[in-house]
Every structure is written in C-alpha cells, then in structure tokens.
Amino acid sequence: MGNHHGHHHRRGLSVLLPIARQHMHHQEEAVPTVAFVGNPNVGKSTLFNAILGASASVMNAPGTTVLVERGRLRRVNATWDFVDTPGTASLDALSPDERVASEAAMGRAGNPQPDVIVAVFDATSPSKSLYLLSQLIDLGRPIVAAVTMLDLASRQGSPISVATLSRLVPGLDFVAVDGRDGKGTDDLLEAIGARLAAKEQADAATALRQPPRISAVPAPGRAASQEEVSSWVRATADQRFEWTARIVADLNPCTPDAANPAPTFSDRLDRVLLHPVAGIAIFLAVMYLVFEATTAIAAPINDWFDVTVRGWAATAIDWIFAGLAGPGSLSTWPHSLLVNGLLDGCITVLTFIAPMGIIFITLSLLEDSGYLARAAFVMDKAMRVIGLDGRAFLPLVVGFGCNLPALASTRTLPDSRQRLMTGLLIPFTSCSARLSVYIVLAYAFFGHYAGLAIFLMYVASILIILGVGLLLRRTRFRDLTTQPFAIGLPPYQMPRLLQLGKSVAMRLWAFLTGASSIIITMIVIMWFLSAIPVSAGAAGTNSFGHVDDVHDSLYGAVATSVAPIFTPAGFNDWHASAALITGFVAKEVVVGSMSQSYQIHTSDDASGQEQGQGTLGQAVRKSFIASSHGHGAAAAAAFMIFVLAYTPCLATVAEMRRQYGGKIAARSVGAGLVIAYILAVIVFQVGRLL
C-alpha cells in the first residue's frame, strides 16, 4: 500500500478536482453529451462501437484509444452525443493522453461538459476501476457504471455481482455489459436515459464515506500553503485506497487461498511468452508467419486487381469511348488519361487493400487475444536503446511488411512524442514492396550470393533504424523521457469476429478516404509528364499523349536531368533515376518502370532472373556497369541502399501528413533523401575499392 501512496502523492493535480467541482456550471446543450471513461483495456472502445454501430481502434495495449472518438446516437425520443476518451488509470494526468481523458471528463479545454459519465468498470480488476470511479464521483456528474469482463472474472475464480456493487456504492447504477456481442447495451442506454431525465447528482462524501477532514479543501478565494495542499493530497489518496480496499473485500469475502493462488493457465503460458529469450524467439516467429501469410494471400488478390479488374475497367472505358465517339477515340489522349492515368491510380490504391487488410486482421487477432501486450513487454529493454519503450517495437516490425499500416498503428502508442519518433523511423524499415527491386538487382549482379545480398538489406535496415534513432534521440528528441513501462497484462481471450471485421473495415476506410486522393493525383501528374513530348522522336510522330519512347517525354527529360546527381553513387543513368522517381508513388512499380524505360515488354522468367540472364537483368547490368565505369556490383548495392532508405511510397507520405502535418511529412521526406544519398555514395565509393 505504501508504494501506491507514493505514486499518487506526486500527482498533485488531484487537488484541483474539488476546486473544479465548485467552478463547474453545467450549460444546457441542445444535444446531451455522454462521456465514456475507464482504465486501459477494459472494453471501453468495444462498448462504444457496439452502441453506435461505428468502429474506433480496439487494441489490447496501453492507451487503446489514442484520440477522443465521437459519435451521435439517435433514438426514438432523444439524440445523444457520445465521447470515447483514451484509457486512463487516474484523472491526475501524467501523460498527454491521460490529460485528454481528464479534460473530457471535466469538460475542460474546449470539451463540452458531460451530462452523464459512463464509467467502464473492469470486473477482473476492481481495485483499479474503483480508484478511478472515486475520482469521477468527485466531479459531481451523473454516473452510470458499465461493468465489463464479468465472464473472465468468473473464470478466474473471482466472480462479481452487479447487485452487490450497487449496494456497496449507493447512488450509482451498475449495469452488466459485453460490448463484444452487445449484451446489456440496451440496459445501459436505459440507465443513461434515466440519469439524463432525472439529472441526479452523485454525492461524493456519502458514496466515499469521507470524514470531514477530506472536505476541508482550501477555498478558491485564498492561496493554500504547500503544507495544506500536501496534507490534503495525502488524506485524499489514503481515503481512496481505504475505500477501494473495503469495497473489494466486501465483493469477494470468501476468496479461497487468496494469498497463494494456484497458477492458472495464463500464468503458465506467460512463463514461456515472457521469457527474455524464448519470448523474443516466439514473437519473431509469429511475425514471420504474419508476413508470410500476407505475401502468400495478397499476391493473387493483387494480381486479380492488376490484371482482371483493370482489364474489365479498361474494356468498359473502351466500350464507352467507342460508343460515344467511334473506334478512333481509343487512340486519343483523353482515353489514355482515363486508362493509364486515373485507372492506374485507382488500381494502385486497390492493390494496397489486400496486404493492409491481411496485416490488420492478423494483428487484430493477436491484439484482441492479449498476446501483443506481452510482446511489447518482452521487447521493452531493446527499444530503450533509442529512447523508446516496448510498445514502439510492434509498429516497426509491421513496417517490414508494409510501412502504411505500420504508420497507422503508431496511434496506439500512449505518448505523442513516442508516436512521432516511431513514425519518423518507420520509413527506414524495408517493406515487402522493396523486395522486388532487391531480387532483380541481386540476381543480376551477385549470382549465387543473391540470397545473402537480400538478407544484408534487412540487416542494413535495422542498422539504419538504430543509427537514425540514436541521432533523433540526441537532437530533436532530447526532451523525450522514457517512462517506466508498467503494463497490466490483459487476460487471454478469443477475439470476436464481428468486432474484428468492424475494426479492419474502419482502418481500411480511413486509408481509402485519407490517402487515395493524393495517390491518384500524383499518378495523373506523372501521366501528364509522360504524355508531354520534348522532341519529335526518331519517327517524328510524337505528340501530346502519343510519345513512342518515354525518354522523349518530359518525364524522361526530368529523369535525364536528375541522373547526374547520382554520379558519386555509381548509377548515373536516366533509367535508374526514372525508376526512383516512379518509386516515390509506390515501390512496387520500380521494376515495372525499369522495364518500360528499357523498352522491355515481356517479363523475365524466374529461372532467367535467378541466373542473372533475364532480359531486364541483362539491361540493368549493362547500364549499371557503363554508368559506374566497370563497378556494376558496387553501383547495384548503392542503388539497393538508396531504395531502402529514401522516401517511402506516396500512400505512407499521405498518412504521415494526415497524422503529423505537412511540415513534418515534408521534413521526413527530405531527411530520407539526404540519408539515402549519403549512404548510397558511401556504399559505392567503398565498394569500388574492394
């Protein structure tokens, strides 16, 4: 108990709560506001989504809901605004996200005064829930307590009765709910409606059985001495813990062998999953299987989008043009713009859906089962080398599959500075799209050592992340203080497929609405650059929208003008620079851009690629050897390093802009280009000496 006291004594903000209560004046709103407040991982967001039929982020990690989520519920005779706050252990905010929850509950910082507070109560951890509940009672707002995890509490041998809770905490409504299947939500809404109708106020002094000394708070009109404030804080903390302990004892008066409980299945499983060696090995194996599943399942789906769906759409466009303007319209630039510009942009967006969806599904399964909270704990020590904690490890691992969902998953981190630093490191993770570039160059230049060359690219990615992380830690993030990583491990449970589907659909929709427009716009811009001729061409027939050789277009001219910049890196060749420009949109199209610029219209067969003798491999080998003056392997290694480290795909940049703002996204892009260029030059200059 003493340790708990020390922890809460330093939370001086609690002295403000009664003062805030004296100054709060409820303003009637046209639409009543209902605020959801609770500890992390109590099913708060799941319950919120079950009521509204919408989806917020549902994850079994500290800080489940990073941002406040809002929604409006329309009933037969009423309309209510719902606010879902970040998970918090206390209203005495220590982190930015706890501050968000505290301000939302108290109606501060631009938040509306809540007409009813829904205190989400975890039946498996009544002590934590009761402590937060005692603070919410102090606010003097109508409260309805939604009790979750009742089934898990029963399985753990500590069943809780909602009726007993209502008796022990008079003046509050306790409602049994399960947001995973919607049970009890109607009862909860009825209780909320009753509170709104009656405007009942919970009485803190009665509910907490507080002695007169607790109410003797320094009056707002006079300054309180530090001794008075400290005395009040100590008394309040003592009183809360005494009240909490008394309620918990009354809830389970006959818990057998409470001092020495028998090890549960969860305890035995945790001995393996939390082991410092076995735990890391298991986590890496699990993530490997996630990426293997993503690659195996997404590849045929993307092929279907790229070939079948694109074919159907192109045929439909051809049919419309031919029907409206005759067969000759199929060779006009508007037709090319639609097919090779807008349609290609839409197909590019669609090809992200499968890998993102599969990663989101697998990670949501791991999150909702309770496993990823344990993985974060295991990796905590390694991440502290660069100033982060274990929670930041998961987004970085996801980045090796795809940078976009990795960046989106940073929103689960509880601290905004950690979110930003992790987001700046994610572009240096070698996503699976870069692998196609590694394969072509590795087999063309390194032959039987191609596998080793590809493996070293992933090693290089890890080293770059460590180096950039240490650099950021000593420069921009010098003020980043790594908090002790205390995590309440959630119980293992079976994920609910309905909620899983809602969560994945929400994330995919956020991508489609947030990033698709900028991707399609940039691809259309690239079409215009490729459609504008800068010379008549060899046959003298080039015109707008009809450029026989991409080298004769404005796109080719830009690539040619950029190429000399890469002379120190060994690939002073317009084909390479054109591929890098195209790769800014999506790394998946780098190889396709090379094929187009080399005028190669048939893909390499696998055996030819593996022997470095495919048509594309031969062309790349010839041009790189020429541009590097005989040091083709060094130039290829430099090009691979540049592809690894430079600007991620356009979708990732768009997501970064959406999360962190345009300035930070632009600086990240610029820094990535500089780092990639420096590393490529070093690799080539050292490689040609070997």
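Does a label point 7 Å from the Cα of Trp312, set along Cα-to-beta-carbon, have any residues of segment 343-363 with amide nitrogen under 18 Å, and which are they?
Correct set: 343-354.
Express the Stokes-Einstein translational diffusion coefficient of segment 102-144 in µm² s⁻¹, to the nearest whole number, given a Kirkwood radius over alpha-carbon pairs, 37 °C and a viscosity of 0.692 mPa s.
300
Filter the cross-link list Lys128/Lys183; Lys44/Lys587; Lys183/Lys502; Lys381/Lys502; Lys381/Lys587 down to pairs whose alpha-carbon distance in this structure exceeds 28 Å.
Lys44/Lys587; Lys381/Lys502; Lys381/Lys587
Just want the ordering: Leu47, Leu472, from fewest to most Cβ atoms lying within 10 Å of their own Cβ.
Starting with the residue having the fewest Cβ neighbours, the order is Leu472, Leu47.
Taking H as built 1.01 Å from N, whose amide H comes closer than 5 Å to the amide H of Phe477, not counting residues under 5 places away?
none
What ranking of Asp270, Asp84, Asp573, Asp186 emerges when the number of other C-beta atoms within 10 Å of each C-beta is taken as an exposure proxy, fewest first?
Asp186, Asp270, Asp573, Asp84
Describe numerically, in nm with one decimal, the distance between label points set 7 Å from Cα along Cα→Cβ at Ile301 and at Glu190.
4.2
Per residue, what volume in Å³ does the convex hull of the Cα atoms of segment 617-679 enclose?
85
At 7 Å along Cα-to-Cβ for each site, give me the label-to-label distance between Ile525 and Ser166 in nm.
Output for this residue pair reads 6.2 nm.
Just so you know, all these numbers are worked out from the coordinates, no wet-lab data involved. Predicted model only: the values in this text are computed from it and were never measured. When we count neighbours, we look across all protein chains shown, and the Cβ atoms used for this are built from the backbone with ideal geometry, even at glycine.
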